[in-house]
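In what follows, a structure is listed as structure tokens, so that the remarks can point back to it.
The values are calculated or read from the model by the stated rules, or taken from the named source; none is laboratory data. Please read all numbers here as calculations on a predicted model, not as lab measurements. Because the Cβ atoms are built from the backbone with ideal geometry, glycine has one as well, and the counts that use them run over all protein chains shown.
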């Protein structure tokens, strides 16, 4: 099945299954691992465990209650944009099964920040799960006006999420990665921090970065995070690199970002570099190529405080969450 259709079939099936009496309790009993030793306090928030669902899976805040039953400690919705947008033309997601990877060029397809906020407002049961809001800009918004899109999403989601993630690192919105450059990035983060501190209670703001940054660019990221005093970094988004891929060359040639096992090593390298360079001055959320409990532990040992799953969750199934939690209890 086409991977995008498969995603909707599975999430739709899960939603239907969850309406059956006792189904959510059953999922929780099978998959969730609860233990006080898993609790983490990071950027002022208390996580019941350090394993999260990365942005992109639940773009419109539709499946939080359902996914929480699998045992995630936190769920990141989005990326959301101010206005609804369809994203790029289909097909826009491809399986590289030989590499245990995906290529996607979704293009921030979502129903808009107001729809996501409406769903979060009436969310019945968070299951103690921390919720993050990953925010971006609309495709039609020129970069010089991008700040307005981030401001809109910040205000729309503020009352309903526990932390924010500024996404300037997706390769699938033309020109978006240009916003990772020093001056435009500082402008976005300083503006959001200014708005944040006018609120009764400021919320953590994190920056999601690409794995394709050079060491000089990573040095700039460290400097910017410390200067703007944001809460931390999510490392990393998908990569535009095709190095070492062994799948069908026709698939490899598809435009978009690669996620999954090919990203495991590079994401860990970025985490370790940021941790050492900053002298552990800020928390890092590790994401990219986590397909086993050992992969998660490697990210945490490299300097991550929390980890997130997406492609590994697709390939390995929901048992991966519990596997990671059980290994962490034994560590």
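General observations
- A search for C-beta distances below 6 Å between a residue of region 305-331 that is modelled with pLDDT of 95 or more and any residue that is loosely packed, with under 15 Cβ neighbours inside 10 Å and in a helix (DSSP H, G or I), counting only pairs 6+ apart in sequence or on different chains, returns 329/37.
- Elements of type helices (runs of 4 or more DSSP H) in region 175-260, at least 3 residues being within 22 Å of residue 303 (Cα to Cα): 215-228
- Criterion applied to 147, 135 was being in contact (Cβ under 8 Å) with a residue 24 or more places away in the chain, crowded, with 22+ Cβ neighbours inside 10 Å and either more than 26 Å from residue 227 (Cα to Cα) or touching a helix residue (DSSP H, G or I) at 6+ places or on another chain (Cβ under 6 Å) (or both), and the one residue passing it is 135.
- Residue 208 falls short on exactly one of the conditions (1) touching a helix residue (DSSP H, G or I) at 6+ places or on another chain (Cβ under 8 Å); (2) crowded, with 23+ Cβ neighbours inside 10 Å, and that condition is (1).
- Filter pass, residue 271 being closer than 20 Å to residue 291 by Cβ, in a strand (DSSP E or B) and either at pLDDT 95 or above or under 23 Å from the mean Cα position of the chain (by Cα) (or both): no
- Taken over region 159-172, the criterion of being surrounded by fewer than 23 Cβ atoms within 10 Å (Cβ to Cβ), under 19 Å from residue 233 (Cα atoms) and in contact with a helix residue (DSSP H, G or I) (Cβ under 9 Å, 6 or more places away or on another chain) is satisfied by 171 alone.
- Screening region 46-104 for residues that are part of a helix (DSSP H, G or I) and touching a helix residue (DSSP H, G or I) at 6+ places or on another chain (Cβ under 6 Å) and picking the one that is modelled with the highest pLDDT gives 99.
- In this structure, residue 236 does satisfy being in contact (Cβ under 8 Å) with a residue 24 or more places away in the chain, within 20 Å of the chain's Cα centre (by Cα) and under 23 Å from residue 129 (Cα atoms).
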